[in-house]
Amino acid sequence: MLALIDQLLARDCAFALYRLPGRLHDCLCMQLDGGIRELVSLSEPAISQAGFVIAPFAAHAAPLCFIADELEGCLPCASAFPPLSTAPLPAMLQGRAAYAQLFAGYHEAVSRDESLRKIVLARAEDVVVDAASFSLARAYLTSAQRSPHACTALLHSGVTGSWLCSSPEILLRGVSDHWESVALAGTQLVGGCWDEKNRVEQACVAEYSREVMDRAQINYIERPADTLRAGAIEHLCTRFDIEMPAARVAELVSKLHPTPAISGYPADAARSFLSAHPDLDRAYYSGYLGAYHAGISAELFVTLRCMQVSSDVARLYAGGGILAQSEEENEWQETQLKMQGMRSLLA
């Protein structure tokens, strides 16, 4: 299968390959017509059949859906797919000095405005790869094996380009009337002690989840906050067990996304600030992705650890919550830690 995926990438074919947490097998959605479906919302009849969805950070932008073509017998060879046309990654400049300048502006905002408690500052870093020897399919498999409790996905299309993603953060997962969501934030190396800044940052995300479900009159049980390990780092998380009909999944997802874990808190104020003072074109970083079957089941995850790959460049993404207690050097180092998992796949 790895050889087939590399051939599909070389030919520029549309597909989504993914492995869900705790599973040993991979799922592959291949679009023989070379296209994917743009959705107005997750409730559209267009996804009455199972598929894989990916949505960008921008809440107003349309999610995309890869729906598996009906294939008979063995998998087709790459030549069965028509070639697509994709553009190289646009130039992006955001080095150490630019990050420090953005941090200063974000930190000033949360320090002087008591109504704005947290803003998430994202950054990206380009790494040159050896196109002759680097296998994105092999990187996908390595990532899935290293992080069995994350959703790992490799997807490509003429609309999205190539993305490799690995995320342990559940936006919404379940089937029928039983669902789970996770409020996740705060980052440290495994085995550390959580400081006040990280606890406050995570509490904002949990508070927002409560607010959304209370306003929507959705029944839930909140579990005590615990630690979630993701490779060499760990996060604080609060889990919510939710009771609601599957017909309300699209509604709840639209209210939760983007969560304070990727935008800030209070949510409306943070989104307004980011709109007026953008950090970078996040594209699909800090959006959401996962398996989805409208009205039946969903396993959707916030797109955290990820990279966008062109022929010779891998663009790594990471971000961190800026609070009044934040220090620039610590926040920069946190993004370095978050990028390390994807960076190690490029060796």
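Where a number appears in this text, it was derived from the coordinates with a stated rule and is not lab data. Note that the coordinates shown come from a computational prediction; the quantities given were computed from them, not determined experimentally. For neighbour counting, all protein chains shown are included, and Cβ atoms are generated from backbone atoms with ideal geometry for every residue, glycine included.
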Using only alpha carbon pairs under 8 Å that are at least six residues apart, calculate the relative contact order of the range 254-347 and give it in whole percent. 19 percent
Which of rounded, prolate or oblate describes the range 238-327 when judged by the alpha-carbon gyration tensor and an a/c cut-off of 1.5? oblate
Which of Ala267, Ala122, Ala131 ends up with the largest GNM mean-square fluctuation for the chain, with Cα atoms connected below 10 Å? Ala131
Which of the DSSP-defined H helices in the chain satisfy a minimum axial length of 30 Å, computed from C-alpha atoms, and a minimum mean Kyte-Doolittle hydropathy of -1.0? none
Long-range tail of P(r) for the range 148-279 (Cα pairs > 19 Å, %): 57 percent
Where the centre of each part is set by its Cα atoms, how far does the range 177-198 sit from the range 91-131, in angstrom? 21 Å
Length-normalised contact order for the chain - Cα pairs under 8 Å, 6+ apart - percent: 25 percent
The residues Cys237, Cys13, sorted from fewest to most surrounding Cβ atoms within 10 Å, come out as Cys237, Cys13
Computed about the Cα centre, the charge dipole of the chain from +1 Lys/Arg and -1 Asp/Glu charges at the Cβ has a magnitude in debye, to the nearest 20, of 300 debye
FRET efficiency for Ala132 and Asp241 from the Cβ-Cβ distance with R0 = 45 Å, rounded to 0.05, comes out at 0.40
Of the residues Arg215, Arg282, Arg239, which exhibits the maximal mean-square fluctuation in a Gaussian network model of the chain defined by a 10 Å Cα contact cut-off? Arg215
Normalised by the residues of the range 187-297, what does the relative contact order come to in percent, with Cα pairs under 8 Å and at least six apart? 27 percent
Packing-based exposure ordering (other Cβ within 10 Å, fewest first) of Phe57, Phe240: Phe240, Phe57
Rounded, prolate or oblate: which fits the range 97-182, taking a ≥ b ≥ c as square roots of the Cα gyration tensor eigenvalues, rounded meaning a/c under 1.5, else prolate when a/b beats b/c? oblate
Determine the shape class of the range 283-329: with a ≥ b ≥ c the square roots of the Cα gyration tensor eigenvalues, call it rounded for a/c under 1.5, and otherwise prolate if a/b is greater than b/c, oblate otherwise. oblate
